[in-house]
Amino acid sequence: MDEAASWSAEPHIDGTEEFITVFEGEMTIHVGGEEFTVKQGESIRFRADKPHRYLNSGVSENRLSMVIHYLGR
């Protein structure tokens, strides 16, 4: 994700979770009325079945891994 970049995501299906690990940079994630800052070497897991937004809140590019886990029905 480039400097000053942001991305808004629509809710996924009920029960969906996202797992993000930041390898470089710093990212702020807004989800469910809360804000979480994830720095290099840190990870986060959150429910992605509500609107969420990602923001590069650092001064350099982000490198990260994102896994989206959809529950089977």
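The values are calculated or read from the model by the stated rules, or taken from the named source; none is laboratory data. Keep in mind that what you see is a predicted model, and the values were worked out from it rather than measured. Here the Cβ positions follow ideal geometry from the backbone for every residue, glycine too, while neighbour counts run over all protein chains shown. Protein only, heavy atoms only, side chains kept; ligands, DNA and RNA dropped before computing areas. Shrake-Rupley method; radii C 1.70, N 1.55, O 1.52, S 1.80 Å.
A few remarks follow.
- Of all residues in the range 53-66, those that are open to solvent by less than 40 Å² (accessible area, probe 1.4 Å), out of contact with any Phe, Trp or Tyr (no Cβ under 7 Å at 6 or more places or on another chain) and assigned to a strand (DSSP E or B) total 1.
- Qualifying residues in the range 30-52 (those that are surrounded by 15 or more Cβ atoms within 10 Å (Cβ to Cβ) and β-branched (Val, Ile, Thr)) - the one farthest from His12 (Cα to Cα): Val38
- Condition check for Met27: crowded, with 17+ Cβ neighbours inside 10 Å, without any contact (Cβ under 8 Å) to a residue 60 or more places away in the chain and within 9 Å of the chain's Cα centre (by Cα): yes
- Number of residues in the range 16-46 that are assigned to a loop (DSSP other than H, G, I, E, B) and either more than 19 Å from Tyr70 (Cα to Cα) or at pLDDT below 95 (or both): the value is 6.
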